[in-house]
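I have a structure here, written as structure tokens, and I will follow up with some questions on it.
The values are calculated or read from the model by the stated rules, or taken from the named source; none is laboratory data. Nothing here was measured: the structure is a model prediction, and the numbers come from that model. Using ideal geometry, Cβ is built from the backbone for each residue, glycine included, and neighbour counts are taken over all protein chains shown. The protein model used for the area step is the full one, side chains on, heavy atoms only, and it has no ligands, DNA or RNA in it. Shrake-Rupley method; radii C 1.70, N 1.55, O 1.52, S 1.80 Å.
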Amino acid sequence: LIYPSYDRIKVREEQSLIMHEGLGSRVCAIGLDVGGTKLAAAVVDANGRISGANRLPLPKEGDADDVFNVLVACSDRALSEAGLEKSDVRGVGCGCGGPIDWAEGVVSPINIPAWDGFRLKARLAAAFPGIQVAVHNDAVALAVGEHWQGEGRGRANMLAITVSTGVGGGLILGNQIYNGKSGNAGHIGHIVVDPEGPRCGCGGFGCVESIASGPSAVRLAQIEGWSPPEGVQADGHALARSASEGNEIAVRYLAGAGRAVGLAIASTASLLDLDAVVVGGGFAQSGDIFWKALRGSFERHAIMTFARNANIVRSVLVGKASLLGAAGLVLFPERYGVPASRG
Ligand SMILES: [Zn+2]
């Protein structure tokens, strides 16, 4: 593996070039975000400005190529909005739902059955010949976006969490992306917060995700008798809305989600001595019930001063963090680089 080493001086020089010579607006990359329901693309310059963007629904039917073609179409539209050609950009970075064989860029997103074992990195390299391609977990792309342009700016050690259809996370340590051995570091959704808790999608029991993800909280509330208003889909949004209207069961499970996330953050802050934790996703935007429970549980469990001092903030880059971070993977390889593939 070739790990680009973090070179503080080089990064500082790069930043000053960007700031003082206006280089940033001329160096661009394409950021791609492959989610469970939509595909998105943005042309991002080295100052973090988006000059073209597009988003298309994930095709519900069709094979692997159909999905890939929509992703490329999305990217083409973003490029044309920016007035650029493929050859004008430095690279293409893509955040994709896991699991992912990271060094090879082979993905098997749970929400895209057609992409079971799909060679995303190789396909992107063929579609964008001659430029850099990087593929990473979408939650890691989120962490990069937050560190570069969001609430994580200037925080050397941070964790980003998204509480959404799943619970994902990514780490920046020492101002550098932390990949771990296989690119899977940061899976905070599978920290166990209740050994007697519900079965998790990963096969374990009582993981954060089995309590705090939108679908998990909804399922637990439904077992207790909660149901959404007639004609409304039973999802995290509906649950949060019921909770804000005072439905006791909805309050209990939305707060339960917040407590599970707060507990996991407390453990992680003790382990890693973090400056900041940025929380995004639907529940993070849902308001006080979730946040009071999260902060209460964090304060109850993070006892040592250094852990308590981790600053927990809500993401403000709603819908943009993963796209910016995906572009950041190729714009700033010294900080956010993905190792070259094995062999
Ligand atoms: Zn799990």
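For residues that are over 16 Å from the mean Cα position of the chain (by Cα) and within 12 Å of the ligand (Cβ to nearest atom), tally how many sit in the range 213-231.
Count: 1.
Right, here's the next one. Please go through the range 289-343 and give me each residue that is open to solvent by 60 Å² or more (accessible area, probe 1.4 Å), over 26 Å from A255 (Cβ atoms) and of a type in the set (A, V, I, L, M, F, W, C), ordered by number.
Scanning the range 289-343 gives a single hit, F306.
Would you check if V208 is open to solvent by 70 Å² or more (accessible area, probe 1.4 Å), aliphatic (A, V, I, L, M), touching a Gly at 6+ places or on another chain (Cβ under 7 Å) and within 16 Å of the ligand (Cβ to nearest atom)?
When the stated conditions are applied, V208 does not pass them.
Separate question: How many residues, within the range 229-261, are open to solvent by 10 Å² or more (accessible area, probe 1.4 Å) and either under 19 Å from V163 (Cβ atoms) or in a helix (DSSP H, G or I) (or both)?
Of the residues in the range 229-261, 17 are open to solvent by 10 Å² or more (accessible area, probe 1.4 Å) and either under 19 Å from V163 (Cβ atoms) or in a helix (DSSP H, G or I) (or both).
Moving on to the next point. Quick one: in the range 168-198, which of the residues that are near the ligand (Cβ under 9 Å from one of its atoms) and open to solvent by 10 Å² or more (accessible area, probe 1.4 Å) is farthest from P109 (Cα to Cα)?
Among those that are near the ligand (Cβ under 9 Å from one of its atoms) and open to solvent by 10 Å² or more (accessible area, probe 1.4 Å), it is V192.
Okay, next question. How many residues does the range 271-285 hold that are open to solvent by less than 40 Å² (accessible area, probe 1.4 Å) and either assigned to a helix (DSSP H, G or I) or at negative phi (or both)? Walk me through it before giving the result.
Going through the range 271-285, the residues open to solvent by less than 40 Å² (accessible area, probe 1.4 Å) turn out to be 274, 276-281, 283-284.
Retained after the next criterion (residues that are either assigned to a helix (DSSP H, G or I) or at negative phi (or both)): 274, 276-280, 283-284.
Final tally of qualifying residues: 8.
Grab the strands (runs of 3 or more DSSP E) fully contained in the range 26-99, keeping just those with 3 or more residues being open to solvent by 10 Å² or more (accessible area, probe 1.4 Å).
Numbers: elements: 28-34, 38-45, 50-57, 91-96.
Once the strands (runs of 3 or more DSSP E) in the range 26-99 are filtered for at least 3 residues that are open to solvent by 10 Å² or more (accessible area, probe 1.4 Å), what remains is 50-57.
If you don't mind, another one. Just the residues that are of a type in the set (S, T, Y) and over 14 Å from V27 (Cα atoms), please, taken from the range 37-90.
T37, S75, S80
Return the only residue of G197, G201, G189, G169 being in contact with an Asp or Glu (Cβ under 8 Å, 6 or more places away or on another chain) and under 23 Å from R300 (Cα atoms). Spell out how you get there, then give the answer.
Values: G197 fails: in contact with an Asp or Glu (Cβ under 8 Å, 6 or more places away or on another chain); G201 fails: under 23 Å from R300 (Cα atoms); G169 fails: in contact with an Asp or Glu (Cβ under 8 Å, 6 or more places away or on another chain).
Just one listed residue meets the conditions, G189.
Check Q132 against each of (1) more than 16 Å from the ligand (Cβ to nearest atom); (2) surrounded by 24 or more Cβ atoms within 10 Å (Cβ to Cβ); (3) modelled with pLDDT under 95 and name the one condition it does not meet.
If we test Q132 against (1) more than 16 Å from the ligand (Cβ to nearest atom); (2) surrounded by 24 or more Cβ atoms within 10 Å (Cβ to Cβ); (3) modelled with pLDDT under 95, just (2) comes out false.
Run down A126, A103 and say which single residue is part of a loop (DSSP other than H, G, I, E, B), farther than 25 Å from F283 by Cα and of a type in the set (A, V, I, L, M, F, W, C).
On inspection, the qualifying residue turns out to be A103.
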